[in-house]
Amino acid sequence: MNTIRPVLGLGMLAAAALLAVGCDRSESASTDSTAKSPEFQSATGEVPECCAPPDTIIRRTPGETAAEAEAEAASVAEAADEAIFAENTADLIAKIGSIQTSADASIDGTIIGRKVNFDLEFTNEDGQKVNLARDYAGQTLVISTIFTSCPTPTACPRITADFAEMARNLPSEYADKVRFLLISFDPLNDTPEVLRAFGRTHGVDFDRVDLLVSDVETIKRLMVRELEIPISIDASNDSFANHALMAHIVNADGYVVVERTASSSAKIAMLLDEALRAARMPFTPPDNGQ
């Protein structure tokens, strides 16, 4: 059966003009009188999208055009912001990818599995002292580092929200086996009260996620020696000037079994399944003398 496609002649344009008169779309009401006139539509073949028959040239209303321009500008600005951040931290981003050494033959027996010494004292969002080794003994830990005054929405604030989302999706049977830790490296500003407010702002459930802070030397030991997170330090005041966006999973035996970039929500979302896997499966440390 042949399909007859409409041809844009004067009859069709006139019909389009009549259709435009009955269009009640709010945006169409914002067009100027010239653009709305049947004469304009007959001359140009353009009608508002809501009133267009097949094969008609679509005229975007000013409201649609402005919204599209605004969305495009926001997208360009976000891309520029991410590009600048990536450029500034390119030399710090390292060790990218999911890494797990396991007795499970279905998982590549590659790379990591170093033992960490988590005998480190921190303070949580309630002002309570915690020792990473003692107070989280027997738990699989999912860890990332942040600071609450981070000026980049796609960095620490986004990581915090991503951790909150992971915690919400943690199966209840793993609630006592997996713990999420966000560790601040800005002890001067990130008091327990500030950490709690920041966590609450980003949807953190403090029954599953802890926000921790300690003194500069303890934070350095955790980040540089134990987790090997690439950082730069301002020698003038011994503060952290920059850091790589990283996330780690440390299993119940104290081995780093997953190490990945935290540069996107998609990367962090992968951590949940990896944490569950680390919590339930046997682990064979690599033969690396550790």
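Within the set Asp215, Asp234, Asp287, Asp238, the sole residue that is at pLDDT 90 or above and of a type in the set (D, E, K, R) turns out to be Asp215. Only residues that are surrounded by fewer than 15 Cβ atoms within 10 Å (Cβ to Cβ) and of a type in the set (D, E, K, R) were counted in the range 184-220, giving 6. Within the range 256-271, the set of residues being buried (at least 22 other Cβ atoms within 10 Å of the Cβ), of a type outside the set (D, E, K, R) and more than 20 Å from Thr148 (Cβ to Cβ) comprises Val256, Val257, Val258, Leu271.
Per this entry, Glu226 is not counted among residues that are within 20 Å of Ala269 (Cβ to Cβ) and at pLDDT 90 or above.
Condition (residue is in a helix (DSSP H, G or I), modelled with pLDDT of 90 or more and in the same structural domain as Phe163 (by TED's automatic domain parsing)) applied to the range 254-261: is it met by at least one residue? No, the conditions are met nowhere in the range 254-261.
Of all residues in the range 164-182, those satisfying the criterion of being over 17 Å from the mean Cα position of the chain (by Cα) and in a strand (DSSP E or B) are Val178, Arg179. Name the single residue that is surrounded by the fewest Cβ atoms within 10 Å (Cβ to Cβ) among those in the range 125-153 being polar (S, T, N, Q) and in contact with a Phe, Trp or Tyr (Cβ under 7 Å, 6 or more places away or on another chain). Selected residue: Thr152. Inside the range 208-239, can you point out the residues that are outside any helix (DSSP H, G or I) and either without any contact (Cβ under 8 Å) to a residue 24 or more places away in the chain or within 11 Å of Phe122 (Cα to Cα) (or both)? Asp210, Leu211, Leu212, Val213, Ser214, Asp215, Ile233, Asp234, Ala235, Ser236, Asn237, Asp238, listed by residue number.
The values are calculated or read from the model by the stated rules, or taken from the named source; none is laboratory data. Here the structure is a predicted model, which means the values were calculated and not measured. Positions of Cβ are backbone-derived with ideal geometry, glycine not excepted, and every protein chain shown enters the neighbour counts.
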